[in-house]
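Asks: Could you have a look at this structure, given as structure tokens, before my questions?
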Amino acid sequence: MERPACGWIQRMAVVRVMYLLELRVRLLEKMLTDFIDGVDVYLSLHRDADASTLSRLQVTANQLDSLALFKYSLI
């Protein structure tokens, strides 16, 4: 194959990859939906809670890690 590629090969490549950036964004949105929903719930709990409830809602990073590992071990 010659370098640089001739014009028709470049045009064909551009047509085939033109939508990859849009596809990447849509796939990331689909993959992150569960995470975003969880963050929304977490933030709404903390935003709407009073002081006594907030003290009971304290979760350490280790607890979050163990919950995440448990969730993915069920899949």
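Asks: Starting from residues that are loosely packed, with under 10 Cβ neighbours inside 10 Å and of a type outside the set (D, E, K, R), keep the ones in segment 42-58 and report whichever is modelled with the lowest pLDDT.
Replies: Within segment 42-58, the match that is modelled with the lowest pLDDT is Gln58.
Asks: Another question, if that's okay. Give me a count of the residues in segment 16-36 that are outside any helix (DSSP H, G or I) and at pLDDT 90 or above.
Replies: Applying the first criterion (outside any helix (DSSP H, G or I)) to segment 16-36 yields 18-19, 32.
Now drop any that are not at pLDDT 90 or above, which leaves none.
Total meeting the criteria: 0.
The values are calculated or read from the model by the stated rules, or taken from the named source; none is laboratory data. What you are looking at is a predicted structure, and each value in this text was computed from that prediction instead of being measured. Heads up, the Cβs are rebuilt from the backbone with ideal geometry, glycines too, and the neighbour counts pull from every protein chain shown.
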